[in-house]
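The values are calculated or read from the model by the stated rules, or taken from the named source; none is laboratory data. What you see is a predicted model, and the numbers here were worked out from it, not measured in a lab. Using ideal geometry, Cβ is built from the backbone for each residue, glycine included, and neighbour counts are taken over all protein chains shown. For accessibility, only protein heavy atoms count, side chains too; no ligands or nucleic acids. Shrake-Rupley method; radii C 1.70, N 1.55, O 1.52, S 1.80 Å.
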Amino acid sequence: MSNVIPFSELSRQHKLNLLDHKRREYQDRELYLNRLRKLLFQVEGQMRQAEIEQIELYHAILDDFQIEVPFPNWGDRVGLQRLFKEHPALVTISEYLEERLAPEECYNRLMKIKETARQD
């Protein structure tokens, strides 16, 4: 005659298996999330580097035209966005780089901004 397994033991084994399954599911998801976090960190670092290089390009043009622009702290992303939308020299350079402005018009505007800044 075979042994009869009590219901409480079956229930206990079921719950232990369920816990093991959920732990493996959690660990798999956690490994996946960690890989994604690492990838996101790398992409974010590359994006930040590209943004800095873009800002350095603006600095090079402004230095060549001898136009002073009070850039905010590098970490002030909102301040940078506001500055790029409001400062006439940065707006002009942006329009030129986005091919909405001809080189001659860009030059004329930047020279006018430079002259206006000297008068202030």
| note | Computed ³J(HN,Hα) along the stretch 71-84: with the Karplus parameters 6.51/-1.76/1.60, θ = phi - 60°, integer Hz and x for glycine or proline, the list is 5, x, 4, 4, x, 8, 5, 5, x, 5, 4, 5, 4, 5
| field | Candidate lysines - alpha carbon under 23 Å from Lys112, same-chain residues fewer than 8 apart omitted | value | Lys85
| task | Please provide three numbers in whole Å: the alpha-carbon extents of the chain along the principal axes, with the largest listed first. | result | 106, 26, 18
| remark: In the chain, taking the dipole from +1 charges on Lys and Arg beta carbons and -1 charges on Asp and Glu beta carbons about the Cα centre, the listed residue (Val78, Leu39, Leu57) farthest towards the positive end is Leu39
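With the cut-off at 1.5 for a/c, could you classify the stretch 1-53 from its C-alpha gyration tensor as rounded, prolate or oblate?
Note, shape of the stretch 1-53 comes out prolate.
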| With r defined as the distance between the Cβ atoms of Arg100 and Val78 and R0 fixed at 30 Å, what FRET efficiency is calculated, to the nearest 0.05? | 0.80
| remark: Partner lysines whose C-alpha sits under 30 Å from that of Lys22, ignoring same-chain residues fewer than 8 away, are Lys38
| query | Per-residue accessible area for Asp120 at 1.4 Å probe radius, Å² rounded to 10? | reply | 150
| task | Work out how much length Phe65 to Lys85 would gain on full extension: take 0.36 nm times their residue separation and subtract the Cα-Cα distance, in nm to one decimal. | result | 5.3 nm
| remark: Sequence order, the stretch 9-21: Karplus ³J(HN,Hα) from phi using 6.51 cos²θ - 1.76 cosθ + 1.60, θ = phi - 60°, Hz rounded, Gly and Pro as x, gives 5, 4, 5, 4, 4, 4, 5, 5, 5, 4, 4, 4, 4
| remark: Env charge @ Leu101, Cβ radius under 11 Å, K,R +1 / D,E -1, value -3
| query | What FRET efficiency, computed as 1/(1 + (r/R0)^6) with R0 = 41 Å and r the Cβ-Cβ distance, is obtained for Leu19 and Val43, rounded to the nearest 0.05? | reply | 0.70
| Percent RCO, i.e. relative contact order, over the chain, from Cα pairs under 8 Å lying at least 6 residues apart | 17
| Accessible area per residue of the chain at 1.4 Å probe, in Å²? | 84
| request: Could you check how many percent of all C-alpha pairs in the stretch 50-120 are farther apart than 15 Å? | output: 54
| query | How do the peptides 98-104, 68-74 rank, highest first, by the average count of neighbouring beta carbon atoms within 10 Å per residue? | reply | 68-74, 98-104
